[in-house]
Every structure is written in structure tokens, then in C-alpha cells.
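Below is one structure, written out as C-alpha cells; the observations come after it.
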Amino acid sequence: MHSLIEIPKNQNVHILFFTFNRLYYTKKTLPALLESADTASCQIRIVDNGSTDGTVEYLQKLSHPQIETVIYNNKNEGLVKPTKQFWKESNAEFVGKIDNDILVPKGWIEKLVEAHHKIPELGVVGFCHFRKEDFNQNIVKSKIYKKNGIHLRRQPWIGGNYILKREMVMKIMGYRQSRKLFQNRILYGFNKYQEKLAQNGYLNGYLCNKEKELFYWDHLDDPRHSYFYMNEEYYKVRNMSKSDIINWYKKDAEQLLENY
């Protein structure tokens, strides 16, 4: 079943999907992403960053008309290098990124592309990865920005799942790898890059409906989600308990959605 908003065929959308292990998430999120890209003008590029848990074998068996290519890196290249390569090589009008712990809803591409068409100065826009119970709905509704029929919770930056205009990122440089040894650099990381876009007059934010309610991703890597996967190695790397992770998300949601 197609959504009511159709993407014009001459205005392509190209989505980057990252995997690095966590095959249990990819098996749930990638099929949903491919199903949501059911228009001829949308393609998916998959980049695996050196998975060792069977993800490569799973990806090699896939055959889907919306998959443009699958890139298998021998090691974890991080996010910046593969993303900048993707931006450079794509010829789509709109480019986006989805991580393998994000379960996308049907129609998300059309909604975000429509927002870009109606707000030419829109920068990085996506759905919200926080949960409704993590912030005060009334406070957020009171801060919704509206233009040309689009409702947006403007932010200095949003999470790493989005759609943006390729022309914008090819024109404005500055997306760099975050490294402790380079703290003196003016820009590093995607949040800092979004701040630079805002300084250049672009609007970043989370898309809302006409009732000023946020649209949401399903964030599987939240301990409260039914698909959350208990992985001891994961906890060792993060050095955080379940409650630590939940409190971290709640603090971020309050700071970004209520206080900004």
C-alpha cells in the first residue's frame, strides 16, 4: 500500500544504511527500510563496517530492487568517511542515513521529502528517537515551529537518522571525524556539523504532525523496547547498566526537546 504523497521520479532519494554486527537488529530493521522505499526513485546503499557475527553472510543473500549496492569494509571505518564518500558518489537530490537499530515506519521518506520541498532552507530533518514518556509533551508543543504547513521542533542538531539535501552538504564542508587528539579543531562530528549548517541559515529539527506531535522512529537499542537485545559485550564497551542507559536517554530528551 503506497502513501498518499508520491516522490517525483526526477527527485531521487538515496539512503545509507550502516551495519556493524548486531545482526539481531539488522534482521528487523533492514526489511522495514526496504519496504518503506517502495518507490522507483529511492535506493538504499548498505555499508557494513567489518561485521563478524554473520551480518556479511546475511547481506550477501539479499536480493531487492531498492538495494543500489552493498559495501563490505574489512574494518570499522566509522561513520564520517563512508558517509562523505556516499554524499560524493550519489547523484540524488536528497540523501539520508538510517542506523541498524532504527525501525522506520511506512511513509517516513515521503513525509521528510515533503518537508524539504515546503521549506527550502530545511537542513537536517528526521523523526524523533526518544520516547514519549521521556519529556513533557505540552512543553514541546509550545515550542513547535511552523512554516508552509510543516510543523518542526527546531533543534541545534538531531540524532544520526535523517534526510537532507545533497546540494547543501556538497556546498558546506566541515563534517569531520571526532577524535580526542584533535579537540582544537573547530568542527568535528555530526552535531558540530549541524551547528555549522544552522549558522549558514539552515533549519534542523524533528518533524511533527499538524497536532504538533512528534513523529517517531522505533529505537530498538533502548532497554525499554521489546526488541532490545541483551549483549554483555555491549555493556562492557559502554560501561553502563540498563538504568544508566535509560537515564542517559531521558536526560538528553529533556535537555534537547524541552530546554533548547
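Here Glu133 clears all of (1) touching a Phe, Trp or Tyr at 6+ places or on another chain (Cβ under 8 Å); (2) free of Cβ contacts under 8 Å to residues at least 24 places away in the same chain; (3) not hydrophobic (A, V, I, L, M, F, W, C) except the condition numbered (1). Does the range 233-252 contain at least one residue that is under 21 Å from the mean Cα position of the chain (by Cα), part of a loop (DSSP other than H, G, I, E, B) and at pLDDT 90 or above? Checked against the condition, which is being under 21 Å from the mean Cα position of the chain (by Cα), part of a loop (DSSP other than H, G, I, E, B) and at pLDDT 90 or above, the range 233-252 yields no hits at all.
The values are calculated or read from the model by the stated rules, or taken from the named source; none is laboratory data. Just so it is clear, the structure is predicted and the values come from calculations on it, not from any experiment. Backbone-built Cβ (ideal geometry, glycine too); neighbour counts: all protein chains shown.
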